[in-house]
Amino acid sequence: MRNYITNFLDETREVILTVEPEEIARALKILQATYERDGRIYIFGNGGSLALATHFVSDLNKTVFSQDLNRSIKKFQALRVPSNESELTAWANDIGYDMVFAGPLQNYLSDNDCVVAISSSGNSTNIIKAVEVAKLRHIPVIGLSGFDGGKLALLADAKIVVKTEKGRYDFVESIHSVILHLITSYFQDYFNHLAVKNSGK
Amino acid sequence: MIINKIMIVVRAPLRISFVGGGTDLPDFYHKHQGAVLSVTIDKYVYLVINPTPMISGISARYSITETVDHPNKLQHTRIRAALNELGIKSHIEIGSFASILSQTGLGSSASFSVALMKGLNLHKNNKKLSPKETAEAACHLELGLLSEPIGKQDQYASAIGGFNIFEFNPDESVNIKPIFLGFEVSSKLEDHLLLFFTGITRSASAVLDKQRINIDKKLKEYKEMTTMVPFFEKELLAGNIKGMAKILHKGWLLKKSLSKDISNNVIDKLYESGLKSGAWGGKILGAGGGGCLLFLAPPKNHKVIRAKILQKAKKNKLKDFQEIPVKFVQSGVEVLFNDNHTVL
């Protein structure tokens, strides 16, 4: 039992080192630029990645500002796509599963926005279709993928890839969660820093 | 009938150029790769493009208002050239607004071109240019169509946004290298930075035109200016403000040696007074001959520097002299309003 546990933890440590810090920096810049121009952040994924997307939406909108939620500063506007199960199943049932993200995104997306796409394989058709909608309009795309990065790593502007052998969803999804928390933590520290700085003046 | 078109609002940020300015002139980078390091700031040129289906003429509103019946009759060279390039002949109103005067060395004329090309492409063809394409279009307008004797750094800075190194290659291509700076360093740099408008405006083209003629005689100096870029980047990433200031100072001295029009007696006096009151280093922003003066100085010395330099400015009768507070921004040119989602 102990061996199993230490092996998993050792492997996790190895895999986490495959992530390029430069690409996370690129993602932070995209998010900050979107914030500055009052744009919206659309986040989506399938299965476990959808759970990560939902979690990240609430972290960006609330956790980042939670030390000072009442202060009247502009906050992030992050939204999960599609926004609810009715919309998800309507697109899936009536049009096709390929359109569950691209369909709603086509409706919402405007020039100041950015997109965060999460897909472990980086090849899910519905994810790629949505990313193509964004690319066509020159909307910046942050891609979180795993394995060999897939098509998502080719298309995204910030290519965050957790490199593993094919099928290791466990590592990829876990480390995606770490990266999304890193982003949350960065902005939390940033806005706290600004609050302290501005109160000193 | 063009009633389906709607108003578009675009804005493009101004920039502070730290090192390498001048090496983005074609006369230099055609012979040797140029390089600059700059950052965009929270001051913008706003541009409104309004289709006027019921009025066939063309209106351009900037420091004056022009109303004409054909683009060729416009005095504003860039609007005229851009409308002709895109084949827009009528039914349009273009207005520009900014919180900062033009000709202050913050790159506002390039920001205008960047916003103009981004907006007009949307207006004409609903074509969304990427930041890089927008920079290229603005350079094509200014350096290509209008043969202005200027460089290419400002168009790229304003279109891309944030801290960047731009390298200008002899084949006209440009390498864009973003510098990812954490908020700690970025905020520390803001705290050390002082920016003053000298009250002297100048046309960059006039200064650069003279500087350009001398390029062949000053190749060594220009090359040295490009080599400062990686050194500055290193100090920037390390958050070593004093190190950055020393490089700025060295770069300013080098730049002054390029042409006698880059500085003058008044600018030299203002700069000296800043250094004497505790600034680590600084420079004139933009082509020179006027514009804005930048200092990096420990925050505790800011009060004294402000007082001393203001005194010096008054003595020299610079009635428009004033401080401009700035924050860095990451976003480049952006469309603030465009309600047309119909065509893609």
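One residue stands out in the range B:240-254 among those that are in a helix (DSSP H, G or I) and out of contact with any strand residue (DSSP E or B) (no Cβ under 7 Å at 6 or more places or on another chain): the one that is surrounded by the fewest Cβ atoms within 10 Å (Cβ to Cβ), namely B:L253.
Scanning the range B:45-72 for residues that are hydroxyl-bearing (S, T, Y), exposed (fewer than 14 other Cβ atoms within 10 Å of the Cβ) and touching a helix residue (DSSP H, G or I) at 6+ places or on another chain (Cβ under 8 Å) gives no hits. Give the residue that is nearest to B:M225 (Cα to Cα), with candidates limited to residues of the range B:10-54 that are among the aliphatic types (A, V, I, L, M) and at pLDDT below 95. Only one residue tops the list, namely B:L25. A residue that is crowded, with 24+ Cβ neighbours inside 10 Å, modelled with pLDDT of 95 or more and among the basic types (K, R) can be found somewhere in the range B:100-121. In the range A:150-174, what residues are part of a helix (DSSP H, G or I) and charged (D, E, K, R)? Within the range A:150-174, A:K151, A:D170, A:E173 meet the criteria.
Close Cβ contacts (under 9 Å, 6 or more residues apart or on different chains) running from residues in the range B:133-149 that are assigned by TED's automatic domain parsing to the domain that holds B:K210 to residues that are outside any loop (DSSP other than H, G, I, E, B) and crowded, with 18+ Cβ neighbours inside 10 Å are absent. Hey, could you check the range A:134-151 for residues that are under 25 Å from B:A159 (Cα atoms) and surrounded by 19 or more Cβ atoms within 10 Å (Cβ to Cβ) and say which is farthest from the other protein chains (Cβ to nearest Cβ)? Top of the filtered list is A:G143.
Screening the candidates A:R26, A:R71 for the property of being within 14 Å of chain B (Cβ to nearest Cβ), among the basic types (K, R) and either in a loop (DSSP other than H, G, I, E, B) or in contact with a Phe, Trp or Tyr (Cβ under 8 Å, 6 or more places away or on another chain) (or both) yields one hit, A:R26. Taking the conditions (1) in contact (Cβ under 8 Å) with a residue 60 or more places away in the chain; (2) under 21 Å from B:I16 (Cα atoms) in turn, B:S113 satisfies each one other than (1). Residues of the range B:161-181 that are facing another protein chain (nearest Cβ under 8 Å) and within 13 Å of B:A238 (Cα to Cα): B:F180 alone. Note on the range A:103-119: residues that are at the interface with chain B (Cβ under 10 Å from one of its Cβ atoms) and in contact with an Asp or Glu (Cβ under 8 Å, 6 or more places away or on another chain) amount to 2. Of the residues A:N84, A:N61, which single one is surrounded by fewer than 20 Cβ atoms within 10 Å (Cβ to Cβ), free of Cβ contacts under 8 Å to residues at least 40 places away in the same chain and within 15 Å of the chain's Cα centre (by Cα)? After applying the criteria, what remains is A:N61.
Test B:E148 against the criterion of being more than 13 Å from chain A (Cβ to nearest Cβ) and either more than 18 Å from the chain's Cα centre (by Cα) or surrounded by fewer than 22 Cβ atoms within 10 Å (Cβ to Cβ) (or both), and give yes or no. It is true that B:E148 is more than 13 Å from chain A (Cβ to nearest Cβ) and either more than 18 Å from the chain's Cα centre (by Cα) or surrounded by fewer than 22 Cβ atoms within 10 Å (Cβ to Cβ) (or both).
Within the range B:133-145, being within 14 Å of chain A (Cβ to nearest Cβ) and touching a helix residue (DSSP H, G or I) at 6+ places or on another chain (Cβ under 7 Å) holds for B:T134, B:A135, B:A137.
Within the range A:88-129, the set of residues being within 23 Å of A:K166 (Cα to Cα), in contact with a strand residue (DSSP E or B) (Cβ under 7 Å, 6 or more places away or on another chain) and not in a loop (DSSP other than H, G, I, E, B) comprises A:V116, A:A117, A:I118, A:S119, A:I127. Per the listing A:T54, A:T34, the residue uniquely away from every other protein chain (no Cβ under 14 Å), β-branched (V, I, T) and in contact with a strand residue (DSSP E or B) (Cβ under 7 Å, 6 or more places away or on another chain) is A:T54. Out of B:G274, B:G282, B:G289, one residue alone is away from chain A (no Cβ under 14 Å), in a helix (DSSP H, G or I), crowded, with 20+ Cβ neighbours inside 10 Å and within 24 Å of the chain's Cα centre (by Cα). It is B:G274. Quick one: would you say A:I160 is more than 21 Å from B:V335 (Cβ to Cβ), touching a residue at least 12 places away in the same chain (Cβ under 8 Å), of a type in the set (V, I, T) and in contact with a Leu (Cβ under 6 Å, 6 or more places away or on another chain)? Yes; evaluated as a whole, the condition is true for this residue. The number of residues in the range A:117-130 that are buried (at least 24 other Cβ atoms within 10 Å of the Cβ) and either under 18 Å from A:I95 (Cα atoms) or touching a residue at least 60 places away in the same chain (Cβ under 8 Å) (or both) comes to 7.
The values are calculated or read from the model by the stated rules, or taken from the named source; none is laboratory data. None of these values were measured; they are calculated from a predicted model. Note: ideal-geometry Cβ built from the backbone for every residue, glycine included; neighbour counts use all protein chains shown.
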